[in-house]
1. Give the lysines whose C-alpha is closer than 16 Å to that of Lys504, dropping any in the same chain fewer than 8 places away, or say none.
2. Mean residue ellipticity at 222 nm from the helices of the chain, using -39,500 (n - 2.57) per DSSP H segment of n ≥ 4 over the full residue count, to the nearest 500 deg cm²/dmol?
3. Please report, for the Cα atoms of the range 322-477, the Rg to one decimal and the Dmax as a whole number; what are they, in angstrom?
4. If you take the beta carbon distance between Lys202 and Thr502 as r and set R0 to 45 Å, what does 1/(1 + (r/R0)^6) give as a FRET efficiency, to the nearest 0.05?
5. What net charge is computed for the residues neighbouring Glu68, neighbours being all others with C-beta under 13 Å from the C-beta of Glu68, Lys and Arg scored +1, Asp and Glu -1?
6. Output ³J(HN,Hα) for the range 383-394: one whole-Hz value per residue in order, computed from phi by the Karplus curve 6.51 cos²θ - 1.76 cosθ + 1.60 with θ = phi - 60°, and x for Gly and Pro.
7. If I model the chain as equal point scatterers sitting on the Cα atoms and use the Debye formula, what is log10 I(q)/I(0) at q = 0.12 Å⁻¹?
8. In a shell of Cβ-Cβ distance under 14 Å around Leu109, excluding Leu109 itself, what net charge do Lys and Arg (+1) and Asp and Glu (-1) give?
Amino acid sequence: MSNQLEKVRELIELRAKARIGGGEKAIEKQHAKGKYTARERIAQLLDEGSFEELDMFVEHRCTNFGQEKKHFLGDGVVTGYGTIEGRLVYVFAQDFTVFGGSLSETMSLKICKVMDMAMKMGAPCIGINDSGGARIQEGINALAGYAEIFQRNIMASGVIPQISGIFGPCAGGAVYSPALTDFTLMTEGTSYMFLTGPKVVKTVTGEDVTQEELGGASVHASKSGVTHFTAATEEEGLATIRRLLSFLPQNNLEEAPLLNCTDPIDRIEDSLNEIIPDSPNKPYDMYEVIGAIVDNGEFLEVQQDYAKNIIIGFARFNGQSVGVVANQPKYLAGVLDSNASRKAARFVRFCDAFNIPLVTLVDVPGFLPGTGQEYNGVILHGAKLLYAYGEATVPKVTVTLRKSYGGSHIVMSCKQLRGDMNYAWPTSEIAVMGGAGAVEVLYAKGAAESPDPAAFMAEKEAEYTKLFANPYNAAKYGYIDDVIEPRNTRFRIIRALQQLQTKKLLNPAKKHGNIPL
Ligand code: HXC
């Protein structure tokens, strides 16, 4: 064998060694937990054969605690680039089979390299987390490594989409990188996120709690809102990340891909002319409205189990990607509260940062009153949504279906918050407040003096409702651009979005605003 061939053979052997990470036994252990390895995950995430790996020969430099005797090529993370539906993405996946995927100084350098490349090339960065946290033997160098990653997450925010898959443990300060990214997805039963684990919780607070109860996927999907998506399996999780990217542009200077629309743009949806119940207190399902108007009924919901009184997610109109924000009358009557406001505000800002138009469907009775909300800072949380809509310069199309009262009317992308096209169904009630509340304020004295207070109030309420509970008062002043037939909603939104394609609106130059965080 020639010298050259010998060297090629050596390279092939080294590559094979790198590809088995922590070794066959560790891989078996990983599989036994129902988890794939880092390379298997990347292979499923990316287009077949598109992955180009980087830094396969990187090794850690630690000499503490006998580490100098333990070396694995690649050092616990697989990094590189490839394509999803033919579009460039950068990716890193922690390899739990090597030191439990724990973060070393050199692992951080590998991750930072792909993040820097993603920024330079203007392409999304996807991280698959499965790690025991900072590599304990490396001490402060591991912490510095995390900080380098966080700094890059911050600089990349609003420039390239950043997506975190949590496919195993994610503990300690490590959770802050996913929290800084745009979307987080957790696998059910095999992943968890927390700042301090159950043992520390027990020591500090005395509370007995399991990992799942403390930071499992369902907890973060429904209680904390930390995760945007959950998946029953890793396959499903990786498919969701692929699907999510189909709605997003590569970076903040591009538009989301325009797909060929197979759903007629002038599709009339007669059912919408009868969807609003006669009684204003009866709910209907906003998902039915969304499903009826968007292309092929396809809707990728974000945070579906958190603050269900508001619905957010991605859909398309005539092939164009949009962010949908909609009150859900079926849940807490669609009221706005702290959690719903925060949920929608972050989504609106994401869409605005990445040039994705906003379609807002309104049926909101108001903000949830009471000490629970006030003590929780609903003023600040509601202001977040107000700020997000007011700041957004992307095309904004609003359709009011039924209730739109008081402060919540303003917050939900009203005309004065630079709503571009504001439509209302004839069933809309756009007013300062609902009839019952209004007559309580206006006629309490009159009712007390009346021989039949109940009849007096009912009469006044009917009068108020007739006068104000309609779209025409708002339309009279141009606050509503048109009152539309519900069944034409799809067509009207598509036309509005087409018209708005060349919209140009700039906010005043500033370092950054001061959103009420
Ligand atoms: C070095 C680690 C490690 C770590 C795991 N390993 N975590 N090595 N540093 N942080 C090693 C284990 O020693 C073991 O090595 C192998 O990875 C697999 O781990 P197991 O414990 O066998 O796996 P499992 O039973 O599945 O448990 C996984 C785990 C547990 C729950 C993650 O390993 C664990 O509790 N690790 C420590 C978690 C932690 O406290 N991390 C530090 C957080 S502080 P061998 O050689 O036996 O196979 C932090 C600060 C970050 O992260 C701050 C950022 C700002």
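1. Those lysines meeting the cut-off are Lys396.
2. Working: 18 runs with 195 residues, N = 517.
Result for the chain, helices only: -11500 deg cm²/dmol.
3. Cα only, the range 322-477: 17.0, 61 Å (Rg, Dmax).
4. E(calc), rounded to 0.05, equals 0.15.
5. Its environment carries a net charge of +1.
6. 5, 4, 5, 4, 4, 4, 5, x, 7, 5, 10, 5
7. Log10 I(q)/I(0), no solvent term: -1.10.
8. Charge balance near Leu109 sits at -2.
Every number in this text was worked out from the coordinates using simple rules, so none of it is lab data. For clarity, every value in this text was computed on a predicted model and none was experimentally measured. Glycine also receives a Cβ, built like all others from the backbone with ideal geometry; neighbour counts cover every protein chain displayed.
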